[in-house]
1. Could you tell me whether region A:57-67 includes any residue that is over 30 Å from A:Gly197 (Cα atoms) and in contact with a Ser or Thr (Cβ under 6 Å, 6 or more places away or on another chain)?
2. Regarding A:Val92, is this residue within 14 Å of another protein chain (Cβ to nearest Cβ) and part of a helix (DSSP H, G or I)?
3. Every residue in region A:154-171 that is surrounded by fewer than 18 Cβ atoms within 10 Å (Cβ to Cβ) and either within 14 Å of chain B (Cβ to nearest Cβ) or assigned to a helix (DSSP H, G or I) (or both), please.
4. Out of region A:172-196, which residues are within 14 Å of chain B (Cβ to nearest Cβ) and not charged (D, E, K, R)?
5. Out of all the residues in region B:36-57, is one or more within 14 Å of another protein chain (Cβ to nearest Cβ), assigned to a loop (DSSP other than H, G, I, E, B), among the hydroxyl-bearing types (Ser, Thr, Tyr) and open to solvent by 10 Å² or more (accessible area, probe 1.4 Å)?
6. Just to be sure I understand, how many residues within region A:58-78 are crowded, with 21+ Cβ neighbours inside 10 Å and out of contact with any helix residue (DSSP H, G or I) (no Cβ under 8 Å at 6 or more places or on another chain)?
7. Would you check if B:Leu18 is more than 14 Å from chain A (Cβ to nearest Cβ), in a loop (DSSP other than H, G, I, E, B) and closer than 24 Å to B:Pro162 by Cα?
8. Taking the criterion of being assigned to a loop (DSSP other than H, G, I, E, B), within 14 Å of chain A (Cβ to nearest Cβ), at pLDDT 95 or above and under 15 Å from the mean Cα position of the chain (by Cα), would at least one residue in region B:107-115 satisfy it?
Protein chains: 2
Amino acid sequence: MAKIDLKLIKKLRDRTGLGMMDCKHALQETNCDIEKAIELLRKKGADIAAKRSGRETSEGIVNTYIHPGSKIGVLVEINCETDFVARNDQFVQFAHDVAMHIAAMKPLYLRPENVDPKFLEHEKNILKEQLAESGKPEKVIDQILEGKINKLYENICLLKQPFVKNDQLTVEQLQEELIAKTGENIKIHRFCRFEIGT
Amino acid sequence: MAKIDLKLIKKLRDRTGLGMMDCKHALQETNCDIEKAIELLRKKGADIAAKRSGRETSEGIVNTYIHPGSKIGVLVEINCETDFVARNDQFVQFAHDVAMHIAAMKPLYLRPENVDPKFLEHEKNILKEQLAESGKPEKVIDQILEGKINKLYENICLLKQPFVKNDQLTVEQLQEELIAKTGENIKIHRFCRFEIGT
């Protein structure tokens, strides 16, 4: 195995928060290309998250963010498997970050499955009418429509939104990273956001 | 007019938080009976609140309470007429108290009008069946039923619940007192309460 520069491993650890050996192996597999290593670790994280997604999450914390001025406030519940992880610093930081993200990005739903079907139908009809005038073939129109609906989800669904502190990640990917780091299934369970005058 | 002992006025001010002249007049009208004076001021407060209830409340604050351990959290929005009152200490204290009350008393709805009609119908039917077996006249049964439904509201509706820090008052009466003190219409607009494992 190639010897990996310790500085590079440290750099990757700082950027991903993952363990020494995970970072070393990722750099070996990608010939010390740090961006590719991050990509690889993210994929692995998603795999781990998928494997853990069936596990029961009956522990967790409720966290809050009140924006200075007290005109906007957020409450969020994040679940995990054990109280040990619920008291973990990275878990608490994640809860803080998600609450602040919600205050800033105003998601309306947690995930695409939660979007009100009437609202979705209404949006689809508007888009279809606009696209019908374009004269494009039906198959192309369907593809454009799917792209536009995904864009809509990125706007209004918390898990699909780009994370406010790092828009290279969605909130769902941030959650997957935390699952990989802690080794537990973790779920943003529910949230609520109040703003004066809305 | 009878001269009122200043100590008595101070005592009444401490208990109600109202102005010097209001307290003096209340003691004069009740022959210095402090309990009756409090009762009188409460009625006046309710009258003032009723008069102000039509005024628009577009300002306010969002407040939160996280119970130690982070397993229970509350978010509450309280509205008033001006940002001046929104930054008033008594108003902020009220918002804190209401958030803590919600954490402890687990209300399901803000007011009786918000109770899910299906749930209410279901409860009424159970009560009716129980009462039908008693053999009492229908008029009496209706009265008992009304009493039991009001008791239900006191259990599940925030505004009808006895205030956790002083069960001589409902949360609605606490709100009326604050309206009398600040001279503005004030409304608990909405709340949400998350508890891990529920």
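The values are calculated or read from the model by the stated rules, or taken from the named source; none is laboratory data. Since the model is a prediction, treat every value here as computed from it, not as a measurement. Note that each Cβ is placed from the backbone with ideal geometry, even for glycine, and that neighbours are counted across all protein chains shown. All accessible areas refer to the heavy atoms of the entire protein, side chains included, with ligands and DNA or RNA removed. Shrake-Rupley method; radii C 1.70, N 1.55, O 1.52, S 1.80 Å.
1. Our first condition is that a residue be over 30 Å from A:Gly197 (Cα atoms); within region A:57-67, this holds for A:57-60.
Okay, now just the ones that are also in contact with a Ser or Thr (Cβ under 6 Å, 6 or more places away or on another chain), so A:59.
Scanning region A:57-67 turns up at least one residue that is over 30 Å from A:Gly197 (Cα atoms) and in contact with a Ser or Thr (Cβ under 6 Å, 6 or more places away or on another chain).
2. yes
3. Passing the criteria: A:Glu154, A:Asn155.
4. We begin by selecting, within region A:172-196, every residue within 14 Å of chain B (Cβ to nearest Cβ); these are A:186-196.
A:Ile186, A:Ile188, A:His189, A:Phe191, A:Cys192, A:Phe194, A:Ile196 - these are the residues of region A:172-196 that are within 14 Å of chain B (Cβ to nearest Cβ) and not charged (D, E, K, R).
5. There is at least one residue in region B:36-57 that is within 14 Å of another protein chain (Cβ to nearest Cβ), assigned to a loop (DSSP other than H, G, I, E, B), among the hydroxyl-bearing types (Ser, Thr, Tyr) and open to solvent by 10 Å² or more (accessible area, probe 1.4 Å).
6. The qualifying residues number 2.
7. On the way: more than 14 Å from chain A (Cβ to nearest Cβ): yes; in a loop (DSSP other than H, G, I, E, B): yes; closer than 24 Å to B:Pro162 by Cα: yes.
Spelling it out, B:Leu18 is indeed more than 14 Å from chain A (Cβ to nearest Cβ), in a loop (DSSP other than H, G, I, E, B) and closer than 24 Å to B:Pro162 by Cα.
8. Just the residues of region B:107-115 that are assigned to a loop (DSSP other than H, G, I, E, B), to begin with: B:107-108, B:110-111, B:115.
Subset that is within 14 Å of chain A (Cβ to nearest Cβ): B:110.
Those left that are additionally at pLDDT 95 or above: B:110.
Okay, now just the ones that are also under 15 Å from the mean Cα position of the chain (by Cα), so B:110.
Scanning region B:107-115, I find at least one residue that is assigned to a loop (DSSP other than H, G, I, E, B), within 14 Å of chain A (Cβ to nearest Cβ), at pLDDT 95 or above and under 15 Å from the mean Cα position of the chain (by Cα), so the answer is yes.
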